[in-house]
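Worksheet for the structure shown next.
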């Protein structure tokens, strides 16, 4: 497994967890918001502490430097200009005295510089301090300005530390060209340690505060989400048929009212479903009983109609016509009664599948042969396409043949005299049969109701073939009994195509169909003017 595959797997798992867990989303969002707030507050707080700390240090250092300038002025006032030994002695003594004057600014080092022309004679409390002073600071003091500056200065152990540097000219009365400059160096290592401690404290406090806020958010979310999850689980069990499922009501808050409302809804649903089940059973029993009760008188009427139909040649023309109509309608009534009995068996769950290996090609040819007379009567041609290799499937041949007869009869009736195409195909797991006509077609709304009982696309249209209005409903139930699919595609004025998909082995699940539901080529024809 490559790294990219692992990353994609982790990303997919994380995305699924993000979409499926409300607690995770709220926890992550709370952590993000709290983290941003804590970071902003920490930065502002640290900057304020740092600024205040350095400001206090700088003010104290400037005050101490000004006091040092006044003392140095008093000490160098009587310096003997031409005596180098006297200059060195005075400068060294002054530096020692300045070092002994402790102030509120903390530890420091001093440099006292005597200048005559381009010659500088420094006296410093620590060696190499004067050469380490920034050139811009020295230039500004030489120009007669008191300045301060932050810089990195060697502390004497080859370690450069942040340092506050203050330089100021010392007023002297003497020949022109003489100048005394005083420099203070206040190391900021203690302040740096203080700021590091403050930074660590702020960071730890911020992380702890963020985790605390996230914990509170997750806890509060859990208090709300857990009852919702229980309600969702109960709703799923209720939808699965466990009508006795109820929620436990605790307290009188919003969640308790939610549980009470859910229980009231469940009670109402259970009551209505029980009533509907009773009505459905009553309707099924009524249909079954009426169908059985009508069987005996219908048989008698059918026998009488057959006798009259066979003797119609001896009757007057109008009586003979009546005998023909009576015979046709009795046969149609018998077909409707058979369909009602069949649909009642499906409703009662009594339909059984008698599956055995059957060659679908010859079965489809028998259906075409049986429907040829109807197609000829409506001036329609049946076109059959079957593969060269035989297609064997475990099916109930009687039911599949009934489905195909219904589909072909429906296509012939609505095909407006154009050819009806029957196609058989198979793959390793399934077989499919499509019945395609090029007639009036169906729109999307009609396709949703085409398998409903007694449904007709155009109620005003007179049936030319007859039928009970239950043929496609029974065909759908026959397909489902096989574990198969019966689907329809259609477009107005472009015909319709029904597809029956059956597993080759009874009891296996379908994963696809060998034939497409939508025809590969749809021949477009202009609509006729209305």
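Coordinate-derived values only; no laboratory data. None of these values were measured; they are calculated from a predicted model. All Cβ positions, glycine included, derive from the backbone under ideal geometry; neighbour counts span all protein chains shown.
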Measure off 7 Å from each Cα along the Cα-to-Cβ vector at residue 229 and residue 32, then give the distance between these two points in nanometres to one decimal.
2.3
Just rank 307, 180, 3, fewest to most, by other beta-carbon atoms within 10 angstrom.
3, 307, 180
If the label point is 7 Å along Cα→Cβ of residue 60, which residues in segment 182-216 have backbone nitrogen under 16 Å from it?
185-195
Kindly provide the pair-distance distribution of segment 372-419 built from C-alpha pairs, with 10 Å bins from 0 and whole-percent values in order of increasing distance.
23, 41, 30, 5
Calculate how steeply helix 189-239 sits against the longest principal axis of the alpha-carbon atoms of the chain, using the helix alpha-carbon long axis, and give the answer as 0 to 90 degrees to the nearest 10.
10
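Looking at the chain, what % of its DSSP beta bridges pair antiparallel, to the nearest 5?
Here the antiparallel bridges make up roughly 95 percent for the chain.
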What does the convex hull of the Cα atoms of segment 49-194 come to per residue, in Å³, rounded to a whole number?
104
If you line up the long axis of helix 254-310 against the longest principal axis of the chain, both from Cα atoms, how many degrees apart are they, to the nearest 10?
20
Inter-site label distance for residue 242 and residue 321 at 7 Å from Cα along Cβ, in nm:
6.8
Note down the nm distance, to one decimal, between modelled labels 7 Å out along Cα→Cβ at residue 216 and at residue 452.
5.7
Taking only C-alpha pairs under 8 Å that are 6+ residues apart, what is the relative contact order of the chain in percent?
9
Residue order, fewest to most beta carbons within 10 Å, for 114, 71:
71, 114
At q = 0.08, 0.12 Å⁻¹, what is the log10 ratio I(q)/I(0) for the chain, with the Debye formula run over Cα points and no solvent?
-0.80, -1.16
Have a look at the DSSP beta bridges in segment 356-503 and tell me what percent are antiparallel, nearest 5.
85
